[in-house]
Every structure is written in C-alpha cells, then in structure tokens.
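The values are calculated or read from the model by the stated rules, or taken from the named source; none is laboratory data. Values in this document were obtained by computation on a predicted structure and should not be read as measured data. We place every Cβ from the backbone using ideal geometry, glycine too, and count neighbours over all the protein chains shown.
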Amino acid sequence: MAIIVDKDKKRRDIAIACTELLLEKGLKNLTVAEIAKTAGIGKGTVYEYFSKKEDVVYEIIRNLMAEHQQDIASRTDSNTSTRQKVFYLMDFLLQEDKDYSKHLETYKEFVSITLSDSNADEMHQFNAECNSFMKSMLTDIINEGIEKNEIIPESKNLIGGIMISESGAMLRAWLTNTDTKKEFKNYINTLFNLIEIKK
C-alpha cells in the first residue's frame, strides 16, 4: 500500500525545521544543502516542495503569521476589548505577553533583503501579501469594534495609519537599536482614548 504524504504539512514541517537555521545563517548565506540537512531530507526532496530557498523563507513567515492569528483567537473572546485585540495583533512589535523575538528576527531578515535588492520583485509581492494579511486582521478587529458600538465609525479611517505606524516603529527600532515599544503603546492608547465611545 502506497504511503500518502500530506504535501502541505510536509512543506510546513521543512520550513519550521529551518527557522533557527535561517536566523543563524541569514537568507544570503543559506544553502539548499543546509536546508535539506536541517530538515533531515535529501536535497532533491527540498526541490519537490520549494523551487528555491526564498520559498522556504516565505513558508516560515506564513507559518509564523498563522500561529500568531491562532494565538490571538485563543487569547480573545466576546468580552475582549477592541483596544486589547489591537495590542494582541501588534504583539510582534510590543511582545507584551509572549516572546516573538524569532518572529521579528525572521521578518527583519526578510525585510533587509527586500530593501537591499532592487530586483526583489517576488519579495516585494510577498511583503505585500504579509501586509494584506495583517491589514485584513486589523480591519476585522476595527469593524467588530464599530459593530459592538465600542469605537466610533470613523475608526476605520485609522487602519492604514496604524499599519504604517507599526512598520515605522519596527524599522526605527531596528535602525537605531532603540526600544520603541513604550512609544508605540502610548500612541495606540492615545488613539483609543480618542475613538472609544464613552459609556
């Protein structure tokens, strides 16, 4: 009887096994041979699931985002405020209750390549996919808050600005080696002080 392989799971497993390797080596120094060795598979098997090493990085980041989405769902319920849900969403930057250092370092590695390689069209497209994913989650949170009459309807006009502010705070932290958590948290709290409907 033939063994049935769940290709999506196998792809995820290979990527997850290589997360530490990516952080240790960096994308430029990462080789398919090292990916294969770390994942405990043959080099040819890597190419059955990924056309190039960058695809492994994309899969790692997709897995980290899916984990983050599941984590938010497990930490929230109908009583969780919109403000708190936004803080959970921004945990990548704020790291309030969990350690997301691996998430940030992996994303930092990806962003550095994207910014330094003018021919990185595929990476730019993937970055747009990541931004769209996060923006969709934030939009759902804000719309739910409006429906619950927790925040004013104009709050939806802040979604893009919150996204830009988070990216800016992250880049500033990386470029200046400073902690922007407190400043960004104050920014979000101030926004919510202005948009929350007082009961």
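Look at segment 33-52 and say how many of its residues are closer than 20 Å to T114 by Cα and surrounded by fewer than 18 Cβ atoms within 10 Å (Cβ to Cβ).
Start the filter on segment 33-52 by keeping residues that are closer than 20 Å to T114 by Cα, which leaves 50-52.
Next, only the ones that are surrounded by fewer than 18 Cβ atoms within 10 Å (Cβ to Cβ) stay: 51-52.
Here the count works out to 2.
Tell me, yes or no, whether segment 37-60 has at least one residue that is in contact (Cβ under 8 Å) with a residue 60 or more places away in the chain, within 21 Å of N127 (Cβ to Cβ) and among the charged types (D, E, K, R). The answer is yes; a qualifying residue exists.
Could you list all residues from segment 138-154 that are touching a helix residue (DSSP H, G or I) at 6+ places or on another chain (Cβ under 6 Å) and either among the charged types (D, E, K, R) or under 26 Å from A173 (Cβ atoms) (or both)?
Correct list: L138, T139, I141, I142, E150.
Among the residues that make up segment 129-136, is at least one of them in contact with a Leu (Cβ under 9 Å, 6 or more places away or on another chain) and either buried (at least 16 other Cβ atoms within 10 Å of the Cβ) or on the phi < 0 side of the Ramachandran plot (or both)? There is at least one residue in segment 129-136 that is in contact with a Leu (Cβ under 9 Å, 6 or more places away or on another chain) and either buried (at least 16 other Cβ atoms within 10 Å of the Cβ) or on the phi < 0 side of the Ramachandran plot (or both). Among residues of segment 159-199 being over 23 Å from Y107 (Cβ atoms) and aliphatic (A, V, I, L, M), the one that is surrounded by the most Cβ atoms within 10 Å (Cβ to Cβ) is I195. The C-beta contact set for segment 9-21 (first residue of a type in the set (D, E), second residue in a helix (DSSP H, G or I), distance under 9 angstrom, 6+ apart or interchain) comprises D13/A39; E20/T38; E20/K102.
Any idea which of N119, N127 is modelled with pLDDT under 85 and either in a helix (DSSP H, G or I) or acidic (D, E) (or both)? If you could, list the steps in order and put the result at the bottom.
Working: N119 fails: either in a helix (DSSP H, G or I) or acidic (D, E) (or both).
Matching residue, one of N119, N127: N127.
When segment 53-105 is filtered for residues that are part of a loop (DSSP other than H, G, I, E, B) and at pLDDT 85 or above, the ones remaining, listed by number, are T76, D77, S78, N79, T80, S81, M90. The numbered conditions (1) of a type in the set (D, E, K, R); (2) at pLDDT 85 or above; (3) farther than 26 Å from D77 by Cβ are all true for K148 except (3).
I'm told N29 meets every condition in (1) among the polar types (S, T, N, Q); (2) at pLDDT below 85; (3) in a helix (DSSP H, G or I) except one. Can you identify the failing condition by its number? It fails just one condition, (3).
Number of residues in segment 174-199 that are touching a residue at least 24 places away in the same chain (Cβ under 8 Å), more than 24 Å from G145 (Cα to Cα) and outside any loop (DSSP other than H, G, I, E, B) equals 1.
When segment 141-151 is filtered for residues that are surrounded by 15 or more Cβ atoms within 10 Å (Cβ to Cβ) and outside any helix (DSSP H, G or I), the ones remaining, listed by number, are E150, I151.
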